[in-house]
Amino acid sequence: MALPEQVKRAAVLGAGTIGASWAAWFLSRGLQVAVWDPDPAAESYVRRFIANAWPTLARLGMTADASPDAWQFLATPEQAVSTADFVQENAPERLELKRRLYAQIAGAMPADAILDSSSSGLLMSDLQAGCGAAPRMAIGHPFNPPHLIPLVEVVAGSETAPETVAWCLAFYRHIGKRPIHIR
């Protein structure tokens, strides 16, 4: 797996308020972002969200390579995760929906990519059960909205590797967040 400071490409799965906010934050940190959402209106929503958030992000401080245009909206979640170093999943809080999404992307996600869920009410142990990527999965629950509030809760599941938790904490710190390891 890439070192946290070497991450160049993030995928955002689910582009509602939380996903669009994550996308804007990742862009402000100089990452290339691939976005997917099944809603046909999501691409225009993300475009508007980034445009509206960009002046505030500029005032908060960005990396020198930040660009509001370094993102693309992809037709499938498999395409979105195919080159990602890091995946931030923001699907609705429904266990079976998230598990179907994980099964769908399992073969497309790079073997060393980390997958964090923005879930606030589901247990990672339930989400990752039976998933081949389980050791590289954790909760990365933001305080909302993620592009403004720096706190992120990092929670392991029963199958999450300890080095994944350490990696997530380091990654979120690297991109300007204040992660809290919830045990």
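The values are calculated or read from the model by the stated rules, or taken from the named source; none is laboratory data. Keep in mind the model is a prediction, meaning the values are calculated, not measured. Positions of Cβ are generated from backbone atoms using ideal geometry, with glycine treated the same way; all protein chains shown enter the neighbour counts. Remember, those area values only see protein heavy atoms, side chains included, never the ligands or the DNA or RNA. Shrake-Rupley method; radii C 1.70, N 1.55, O 1.52, S 1.80 Å.
Applying the criterion of at least 1 residues that are in contact (Cβ under 8 Å) with a residue 12 or more places away in the chain and of a type in the set (Gly, Ala, Ser) to the strands (runs of 3 or more DSSP E) found wholly in segment 52-124 leaves 114-117. Considering only residues in segment 1-18 that are open to solvent by 60 Å² or more (accessible area, probe 1.4 Å) and of a type in the set (A, V, I, L, M, F, W, C), the one that is nearest to Pro92 (Cα to Cα) turns out to be Met1.
Listed here are the residues, each with its yes/no results for (1) touching a Lys or Arg at 6+ places or on another chain (Cβ under 6 Å); (2) under 23 Å from Tyr45 (Cα atoms).
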{"site": "Ala80", "(1), (2)": "no, yes"}
{"site": "Lys98", "(1), (2)": "no, yes"}
{"site": "Gln104", "(1), (2)": "no, no"}
{"site": "Ala111", "(1), (2)": "no, no"}
{"site": "Ile114", "(1), (2)": "yes, no"}
{"site": "Ser117", "(1), (2)": "no, yes"}
{"site": "Leu122", "(1), (2)": "no, no"}
{"site": "Cys168", "(1), (2)": "no, no"}
{"site": "Arg178", "(1), (2)": "no, no"}
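Taken over segment 125-159, the criterion of being open to solvent by 30 Å² or more (accessible area, probe 1.4 Å) and assigned to a loop (DSSP other than H, G, I, E, B) is satisfied by Ala129, Gly130, Gly132, Phe143, Asn144, Pro145, Leu148, Ile149, Pro150, Ser158, Glu159. Among the residues making up segment 147-167, those that are under 18 Å from Ser120 (Cα atoms) and either out of contact with any helix residue (DSSP H, G or I) (no Cβ under 9 Å at 6 or more places or on another chain) or free of Cβ contacts under 8 Å to residues at least 60 places away in the same chain (or both) are Ile149, Pro150, Leu151, Val152, Glu153, Val154, Val155, Ala156, Gly157, Ser158, Thr160, Val165.
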